[in-house]
Amino acid sequence: MKLRNFLLPLVLAAMAGTAMAQSGVPTGTPAAVAAKIQLRGDANDIVIPEIRIVRRNDVMVVQADMKNTTDSNRTVFYRFRWLDSSGSQVGDGESWKQMTVLGHQIQTVKSVALHSSAVDFRIEMNVETQ
């Protein structure tokens with residue numbers, strides 16, 4: 001079994017204080033992570049401080065932390081979109097998943113690519129207030 005870890009340069013981005021406040025990017029999210037996020041609407045105080053990427057048996061596995069920076073609960077709808085080396089979508093795509101992120105809590109989401117041809121991904125998400 002071959003195990004290769006690929007960690008995005010999140011530490012460097014966080015150390016540099018890199019955060020994007022432009023439309024479609026959760027404020028407070030490092031730039032390296034923001035490149036992997038497709039936000040539909042406002043982030044509503046949800047920040048993604050870290051994403052971990054591992055290849056196990058030549059299949060990509062991703063874990064992302066979603067942090068609620070407010071006292072109020074947030075409902076997050078999300079799905080992973082897997083991409084091949086040319087940027088085309090691999091497979092039919094995942095269905096939307098729903099989770100509640102309680103005030104000042106972190107929830108970790110995980111997904112496994114359906115095929116070894118997936119070399120990149122995007123996390124699509126929509127955040128609603130409760």
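The values are calculated or read from the model by the stated rules, or taken from the named source; none is laboratory data. Just so we're clear, the structure is a prediction, and the values are computed from it rather than from any experiment. In this analysis, Cβ positions are derived from the backbone assuming ideal geometry, glycine residues included, and neighbour counts consider all displayed protein chains.
Here's the yes/no breakdown for (1) of a type in the set (Phe, Trp, Tyr); (2) out of contact with any Lys or Arg (no Cβ under 8 Å at 6 or more places or on another chain); (3) surrounded by fewer than 17 Cβ atoms within 10 Å (Cβ to Cβ):
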site: 38; (1), (2), (3): no, no, yes
site: 58; (1), (2), (3): no, no, yes
site: 70; (1), (2), (3): no, yes, yes
site: 77; (1), (2), (3): yes, no, yes
site: 86; (1), (2), (3): no, yes, yes
site: 98; (1), (2), (3): no, yes, yes
site: 113; (1), (2), (3): no, yes, no
Original post:
Name the pairs: first residue in the range 100-125 and in contact (Cβ under 8 Å) with a residue 40 or more places away in the chain and over 14 Å from residue 79 (Cα atoms), second residue crowded, with 16+ Cβ neighbours inside 10 Å and charged (D, E, K, R), Cβ to Cβ under 6 Å, at least 6 apart or on different chains?
Top reply: 101/74; 106/67
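Go over the candidates 60, 99, 66 one by one and state the one that is within 11 Å of the chain's Cα centre (by Cα), modelled with pLDDT of 95 or more and among the hydrophobic types (A, V, I, L, M, F, W, C).
Working: 60 fails: within 11 Å of the chain's Cα centre (by Cα); 99 fails: within 11 Å of the chain's Cα centre (by Cα).
Matching residue, one of 60, 99, 66: 66.
Are any residues in the range 71-99 outside any strand (DSSP E or B) and closer than 17 Å to residue 126 by Cβ, and if so, which ones?
If we filter the range 71-99 for residues that are outside any strand (DSSP E or B), which is where we start, we get 71-73, 84-88, 90-96.
Hits for the range 71-99 are 72, 73, 93, 94, 95, 96.
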